Amino acid sequence: MVSDVHGNARDLARAGEGADALICLGDLVLFLDYADHSRGIFPDLFGEENADRIVELRTARRFEEARAFGAELWGGIEGDRFTAIEKAVRKQYAELFTAFPTPTYATYGNVDMPQLWPEYAGPGTTVLDGQRVEIGGWTFGFVGGGLRTPMRTPYEISDEEYAAKIEAVGEVDVLCTHIPPEVPELVYDTVARRFERGSRALLDAIRRTRPRYSLFGHVHQPLARRMRIGATECVNVGHFAGSGRPWALEW
């Protein structure tokens, strides 16, 4: 199981070795690597020095200044912003989806572009969002995307829409989401030094339906990587772009 792949196609190609299936919890796209500002769509378009600046502003939570700075940079790009981003994302998706083994079960992250996935997901990749599937006799539910934030990443949705997808999944053995439940220890990033957005609806569903596992990613360096909520083992499966190692679920 992997999450937050962020362009790591090399390790992704080996992630399913020895497993019956690979599960991917989203964020395939690498827009900007906060650990290495030379990597990603943003530095490819605007250079590492400007990437340094945008990271500095965002880390300081100066989001309005970051947006103004970004708008200034985009003003110097020939053509429109969406076309430039989509072209770069398509290039990454072509490589990443080819690296998925068969079978793969995947959902979207907040930086993904769901509208493009049908073009790249091969017959061995099942894309699920607000849906369930049986794997090895257990029922897995999948909910993709993130909640709205000042970062304004591509696949952020309202709390109500997210809660409706959680409700549609219902009772499952394993609840697979991109973002964690809204628990301080699970949503705080110790390196970025900020609380990411978790889902209250997800937390309520865990308490109500008591799945065996709640699995997620999104927070790259969490204060706590796992904890129990009642009968449920909650696990951040890891920042795959940084570690290159999948997390294994055995039953």
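Quick test of your reading of the structure: Thr59 fulfils all but one of (1) modelled with pLDDT of 90 or more; (2) out of contact with any helix residue (DSSP H, G or I) (no Cβ under 8 Å at 6 or more places or on another chain); (3) under 30 Å from Ala106 (Cα atoms); (4) surrounded by 13 or more Cβ atoms within 10 Å (Cβ to Cβ). Name the failing condition by number.
(1) is the only condition that Thr59 fails.
What pairs come up if the first residue lies in region 233-244 and is at positive phi, the second is among the charged types (D, E, K, R) and not in a helix (DSSP H, G or I), and their beta carbons are under 9 Å apart, counting only those six or more places apart or on different chains?
Correct list of pairs: Gly238/Asp4; Gly238/Arg225; Gly238/Arg245; Gly244/Arg14.
Only residues that are assigned to a helix (DSSP H, G or I) and in contact (Cβ under 8 Å) with a residue 60 or more places away in the chain: list them for region 32-66, please.
Arg58, Thr59, Phe63
If we keep just the residues of region 170-188 that are assigned to a strand (DSSP E or B) and under 17 Å from the mean Cα position of the chain (by Cα), which is surrounded by the fewest Cβ atoms within 10 Å (Cβ to Cβ)? Step through it out loud before you land on a result.
The initial filter retains those residues of region 170-188 that are assigned to a strand (DSSP E or B), namely 174-177, 181, 188.
Next cut, under 17 Å from the mean Cα position of the chain (by Cα) only: 175-177, 181, 188.
On the way: Leu175: 28, Cys176: 31, Thr177: 29, Pro181: 24, Tyr188: 18.
In this case the residue turns out to be Tyr188.
Give the residue, chosen from Arg197, Arg228, that is farther than 22 Å from Gly7 by Cα, assigned to a loop (DSSP other than H, G, I, E, B) and open to solvent by 10 Å² or more (accessible area, probe 1.4 Å).
Details: Arg228 fails: assigned to a loop (DSSP other than H, G, I, E, B).
Just a single option satisfies the conditions, and that option is Arg197.
For Thr153, all conditions in the list (1) open to solvent by less than 30 Å² (accessible area, probe 1.4 Å); (2) in a loop (DSSP other than H, G, I, E, B) hold save one; what is the number of the exception?
Failed condition: (1).
In region 76-94, which residue that is over 12 Å from Leu30 (Cα atoms) and among the charged types (D, E, K, R) is most open to solvent (accessible area, probe 1.4 Å)?
Step by step, filter region 76-94, then rank; the result is Glu78.
The values are calculated or read from the model by the stated rules, or taken from the named source; none is laboratory data. Note that the coordinates shown come from a computational prediction; the quantities given were computed from them, not determined experimentally. Neighbour counts are summed over all protein chains in view; Cβ atoms, including those assigned to glycine, are modelled from backbone coordinates with ideal geometry. Protein only, heavy atoms only, side chains kept; ligands, DNA and RNA dropped before computing areas. Shrake-Rupley method; radii C 1.70, N 1.55, O 1.52, S 1.80 Å.
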